[in-house]
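See structure below.
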Amino acid sequence: MPTFAASWQDTNFQTLKENASADTKGRVALGKNVAANKRYRAYMNEHGQILLDPILEVSEREFHLLADPVKLEAWKKANEDVEHGRLQEKGTFSSYVE
């Protein structure tokens with residue numbers, strides 16, 4: 001696992017709660033200042049201080065796209081074509097459906 005220092009982006013931390021305690025399952029409620037349904041990598045130092053770093057999970061299929069520069073460029077070009085209206089209607093493919 002990467003060390004905390006490798007991903008540290010900012011040192012400007014603000015207090016979310018003055019007194020937060022963990023329940024019997026180790027969960028800590030952080031309140032409405034933290035986005036719901038977001039994923040975090042949790043770091044803890046030797047003093048027991050915990051830092052949560054937001055992460056983005058990518059599906060295996062998306063990872064293969066992002067890891068292949070040729071496929072990624074083709075995908076970017078296709079998106080540009082869509083944004084700039086460079087698509088042509090080719091009709092329906094319903095005749096190929098059984």
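For this structure, a couple of remarks:
- Only one entry in 36, 42, 29 is among the small types (Gly, Ala, Ser) and either at pLDDT below 85 or in a helix (DSSP H, G or I) (or both), namely 36.
- Here residue 55 meets the list (1) among the β-branched types (Val, Ile, Thr); (2) under 30 Å from residue 12 (Cβ atoms); (3) loosely packed, with under 10 Cβ neighbours inside 10 Å almost entirely, failing just condition (3).
- Tabulated pairs, segment 35-47, first farther than 21 Å from residue 57 by Cβ, second in a loop (DSSP other than H, G, I, E, B), C-beta under 9 angstrom, 6+ apart or interchain: none
The values are calculated or read from the model by the stated rules, or taken from the named source; none is laboratory data. Values in this document were obtained by computation on a predicted structure and should not be read as measured data. When we count neighbours, we look across all protein chains shown, and the Cβ atoms used for this are built from the backbone with ideal geometry, even at glycine.
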